[in-house]
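A.B. asks: For reference, the structure I am asking about is given below.
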């Protein structure tokens with residue numbers, strides 16, 4: 001839950017088929033996020049600056065049953081399956097996950113045909129791996145970096161205070177306006193210092 005509160009992009013690793021075990025995890029995170037949002041609004045603080053918005057979820061399917069991607073993205077069939085997977089009548093958890101996050105699906109074919117070599121994959125050069133696997137891994141990295149271009153910027157000066165605020169909510173399910181204000185002020189101060197340093201560097205040439 002803490003990692004998701006700081007995250008702008010999440011990869012969910014699935015083998016062969018989409019796995020529904022993630023919905024319970026996201027339901028817990030959404031409950032915490034709603035509590036934080038309500039607390040920040042009540043405290044008069046800008047929740048859009050302190051909480052991630054439009055979290056990008058990439059459902060990565062390794063060794064899909066029917067690999068049909070072109071260039072390492074996902075086949076039309078997989079995209080239709082993801083849409084059906086996220087839309088189950090009467091399942092409120094799936095409905096909230098579908099509406100609260102942005103979703104994409106990415107297929108990654110088997111890396112090597114010889115299963116005896118699976119334990120050595122991290123040491124193998126790319127030229128010994130399935131070319132489709134190498135290409136899809138490259139495109140997945142590019143897709144993630146593209147998503148992060150629109151991510152909420154974080155100020156390192158305020159991360160410690162934000163973490164304390166998040167930890168308290170996760171552990172006690174209670175929101176502290178005092179901790180939230182400390183986190184906001186530290187973040188604002190960090191942004192001002194960063195802007196000042198950048199301006200001075202530009203003046204110095």
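The values are calculated or read from the model by the stated rules, or taken from the named source; none is laboratory data. This is a predicted model, so every value here is computed, not measured. Glycine also receives a Cβ, built like all others from the backbone with ideal geometry; neighbour counts cover every protein chain displayed.
A.B. asks: Could you give me the residue pairs with C-beta distances under 6 Å whose first residue belongs to the range 1-22 and is closer than 13 Å to residue 61 by Cβ, whose second residue is assigned to a loop (DSSP other than H, G, I, E, B) wherever it lies, and which are 6+ apart or on separate chains?
C.D. replies: 16/63; 16/65
A.B. asks: In addition: What number of residues within the range 53-93 satisfy the criterion of being more than 16 Å from residue 17 (Cα to Cα), at pLDDT below 85 and buried (at least 19 other Cβ atoms within 10 Å of the Cβ)?
C.D. replies: Count: 2.
A.B. asks: If you don't mind, another one. When you go through (1) buried (at least 18 other Cβ atoms within 10 Å of the Cβ); (2) outside any helix (DSSP H, G or I); (3) within 13 Å of the chain's Cα centre (by Cα) one by one for residue 14, which number turns out not to apply?
C.D. replies: All conditions pass for residue 14, except number (3).
A.B. asks: Out of (1) without any contact (Cβ under 8 Å) to a residue 60 or more places away in the chain; (2) in contact with a helix residue (DSSP H, G or I) (Cβ under 9 Å, 6 or more places away or on another chain); (3) part of a helix (DSSP H, G or I); (4) exposed (fewer than 15 other Cβ atoms within 10 Å of the Cβ), what's the single condition that is false for residue 174?
C.D. replies: In the conditions (1) without any contact (Cβ under 8 Å) to a residue 60 or more places away in the chain; (2) in contact with a helix residue (DSSP H, G or I) (Cβ under 9 Å, 6 or more places away or on another chain); (3) part of a helix (DSSP H, G or I); (4) exposed (fewer than 15 other Cβ atoms within 10 Å of the Cβ), residue 174 misses (3) alone.
A.B. asks: Ok, one more. With the structure loaded, tell me whether residue 112 is over 20 Å from the mean Cα position of the chain (by Cα) and modelled with pLDDT of 85 or more or whether it fails that test. I'd like the intermediate steps shown before the answer.
C.D. replies: Working: over 20 Å from the mean Cα position of the chain (by Cα): yes; modelled with pLDDT of 85 or more: yes.
Yes, satisfied.
A.B. asks: So residue 148 passes all but one of these: (1) touching a helix residue (DSSP H, G or I) at 6+ places or on another chain (Cβ under 9 Å); (2) touching a residue at least 24 places away in the same chain (Cβ under 8 Å). Which condition number does it fail?
C.D. replies: Here residue 148 meets the rest and fails (1).
A.B. asks: Of the numbered conditions (1) crowded, with 16+ Cβ neighbours inside 10 Å; (2) modelled with pLDDT of 85 or more; (3) not assigned by the TED database to the domain that holds residue 47, residue 161 fails exactly one; give the number of that condition.
C.D. replies: All conditions are met except number (2).
A.B. asks: Can you tell me which residues in the range 83-95 are touching a residue at least 60 places away in the same chain (Cβ under 8 Å) and in contact with a helix residue (DSSP H, G or I) (Cβ under 6 Å, 6 or more places away or on another chain)?
C.D. replies: If the condition is that a residue be touching a residue at least 60 places away in the same chain (Cβ under 8 Å) and in contact with a helix residue (DSSP H, G or I) (Cβ under 6 Å, 6 or more places away or on another chain), then 93, 94 are the ones that fit.
A.B. asks: Same structure again: Could we say that residue 98 is within 19 Å of the chain's Cα centre (by Cα) and in contact (Cβ under 8 Å) with a residue 12 or more places away in the chain here?
C.D. replies: On the way: within 19 Å of the chain's Cα centre (by Cα): yes; in contact (Cβ under 8 Å) with a residue 12 or more places away in the chain: yes.
It is true that residue 98 is within 19 Å of the chain's Cα centre (by Cα) and in contact (Cβ under 8 Å) with a residue 12 or more places away in the chain.
A.B. asks: Let me ask something else. For residue 150, which of the numbered conditions (1) within 30 Å of residue 85 (Cβ to Cβ); (2) within 24 Å of the chain's Cα centre (by Cα); (3) surrounded by 15 or more Cβ atoms within 10 Å (Cβ to Cβ) fails to hold?
C.D. replies: (3)
A.B. asks: Then there is this: Could you tell me which numbered condition residue 137 fails, if it satisfies all but one of (1) assigned by the TED database to the domain that holds residue 62; (2) over 23 Å from the mean Cα position of the chain (by Cα); (3) surrounded by 13 or more Cβ atoms within 10 Å (Cβ to Cβ)?
C.D. replies: (2)
A.B. asks: Scan the range 178-197 and give yes if some residue there is in contact (Cβ under 8 Å) with a residue 60 or more places away in the chain, at negative phi, surrounded by 12 or more Cβ atoms within 10 Å (Cβ to Cβ) and not in a helix (DSSP H, G or I), otherwise no.
C.D. replies: Quick first cut of the range 178-197, residues in contact (Cβ under 8 Å) with a residue 60 or more places away in the chain only: 180-181, 183-184, 187.
Applying the additional criterion that residues be at negative phi yields 180-181, 183-184, 187.
Next, from what is left, pick out any that are surrounded by 12 or more Cβ atoms within 10 Å (Cβ to Cβ): 180-181, 183-184, 187.
Keeping just the survivors that are not in a helix (DSSP H, G or I) gives none.
Checked against the condition, which is being in contact (Cβ under 8 Å) with a residue 60 or more places away in the chain, at negative phi, surrounded by 12 or more Cβ atoms within 10 Å (Cβ to Cβ) and not in a helix (DSSP H, G or I), the range 178-197 yields no hits at all.
A.B. asks: Additional query: Residue by residue through the range 19-52, note down the ones that are surrounded by 12 or more Cβ atoms within 10 Å (Cβ to Cβ), out of contact with any strand residue (DSSP E or B) (no Cβ under 6 Å at 6 or more places or on another chain) and farther than 21 Å from residue 168 by Cα.
C.D. replies: The answer is 19, 20, 23.
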